[in-house]
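Take a look at the structure below.
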Amino acid sequence: MSQAPKHPGTIVYIDGTTQTETERVDISEVPEPLRYAPTKKGLVPVVKVVAYTEGNYRTLREYGPDGELLRSTVQTASP
């Protein structure tokens, strides 16, 4: 995997239902593995995370600087 490109510096978190910004976090406050997503082109900075909640499920969609979907994660609530 190639060396990571420079990160723009912040990750914006969005509520997927309302499309409103819930938080803007400096990458120094984000764990390193969550700052970048591995792709076929190499590491790409994550700059936006959109969270959708439905019932016991929460889907996180992470986007790069060019608006490309980098990865999607589904979480379930503990019983």
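With runs of 4+ DSSP H residues as the only contributors, calculate the mean residue ellipticity of the chain at 222 nm using -39,500 (n - 2.57) per run, divided by the residue total and rounded to the nearest 500.
Rounded to the nearest 500, it is -500 deg cm²/dmol.
How do the peptides 26-36, 9-19 rank, highest first, by the average count of neighbouring beta carbon atoms within 10 Å per residue? Mind dumping the intermediate values first?
Numbers: 26-36: 11.9, 9-19: 13.8.
Result, highest mean Cβ count within 10 Å first: 9-19, 26-36.
Binning at 10 Å from 0, report for the chain what percent of all alpha-carbon pair distances ends up in each bin.
It works out to 18, 49, 27, 6, 0, in whole percents.
Amide H to amide H, which residues 5 or more places from TYR36 or on other chains are under 5 Å from it, using H placed in the peptide plane?
The answer is VAL46.
With a 1.4 Å probe and all protein chains left in place, how much accessible area per residue does the chain have, in Å²?
70 Å²
Considering only protein heavy atoms and a probe of 1.4 Å, how much of the accessible area of the chain is carbon and sulfur, as a whole percent?
50 percent
Projected area of the range 8-50, taken from the Cα convex hull and averaged over every viewing direction, in nm²?
Working: hull surface 13.4 nm².
Over every viewing direction, the Cα hull of the range 8-50 projects on average to 3.3 nm².
Which whole-number percent gives the relative contact order of the chain, counting Cα pairs below 8 Å spaced six or more residues apart?
Value for the chain: 26 percent.
The values are calculated or read from the model by the stated rules, or taken from the named source; none is laboratory data. Worth saying up front: this structure is predicted, and the values here are computed from it rather than measured. In this analysis, Cβ positions are derived from the backbone assuming ideal geometry, glycine residues included, and neighbour counts consider all displayed protein chains. Calculation scope for accessible area: heavy atoms of the full protein, side chains included, ligands and nucleic acids excluded. Shrake-Rupley method; radii C 1.70, N 1.55, O 1.52, S 1.80 Å.
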